[in-house]
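For reference, the structure discussed in these notes is given below.
Just so you know, all these numbers are worked out from the coordinates, no wet-lab data involved. Given the structure is predicted, the values throughout are model-derived calculations rather than measurements. Methodologically, a virtual Cβ is constructed for each residue, glycine included, from the backbone with ideal geometry; neighbour enumeration extends over all protein chains shown.
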Amino acid sequence: MHRSILSPLLLALALATGCAVTASPAQARGGVVIYAPVAPPPLRAERMPPPRMGYVWVGGSWTWSHGRYHWSPGYWSRARHGRHYMPPRWEHGRRGWHRRDGYWR
C-alpha cells in the first residue's frame, strides 16, 4: 500500500478504537504514546508466587489496546544489582490517560 494512504488509514483506525496515537518526546525510548479516553480500572489483587532467589516480582498492570483495557498478569524478572524496579503507572493529561512503562532505576 502506498505510504500516503497508509498513514490516514492508521489514524482512522486509532480514532475508531477510541484512542489517539502520537509520538512524544517525553518517551525516553522514542516509542509511541497511546492515549485512553477513560481512567484504568483499579489494579487486580494477585497472588504472588513464592519468592525466587535473584528475581524481583513485577506486579500485573492494565494496558490499553483495541479500544479497551486488558490485564497483563505479574511475572518474575531477573534482579539488576544496585537497581530498583519502578512499576508502570497511568497519568492523566489533556489528551486523556497514558501509560508510563515500568523501568529499572
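Table: residues versus (1) under 23 Å from Pro41 (Cα atoms); (2) surrounded by 14 or more Cβ atoms within 10 Å (Cβ to Cβ).
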{"position": "Gly59", "(1), (2)": "yes, yes"}
{"position": "Gly67", "(1), (2)": "yes, no"}
{"position": "His70", "(1), (2)": "yes, no"}
{"position": "Gly74", "(1), (2)": "yes, yes"}
{"position": "Ala79", "(1), (2)": "no, yes"}
{"position": "His84", "(1), (2)": "no, no"}
{"position": "Arg89", "(1), (2)": "yes, no"}
{"position": "His98", "(1), (2)": "yes, yes"}
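Would you be able to say whether some residue in the range 44-54 is touching a His at 6+ places or on another chain (Cβ under 6 Å) and surrounded by 11 or more Cβ atoms within 10 Å (Cβ to Cβ)?
First pass over the range 44-54, keeping only residues touching a His at 6+ places or on another chain (Cβ under 6 Å): none.
No - not one qualifying residue is present in the range 44-54.
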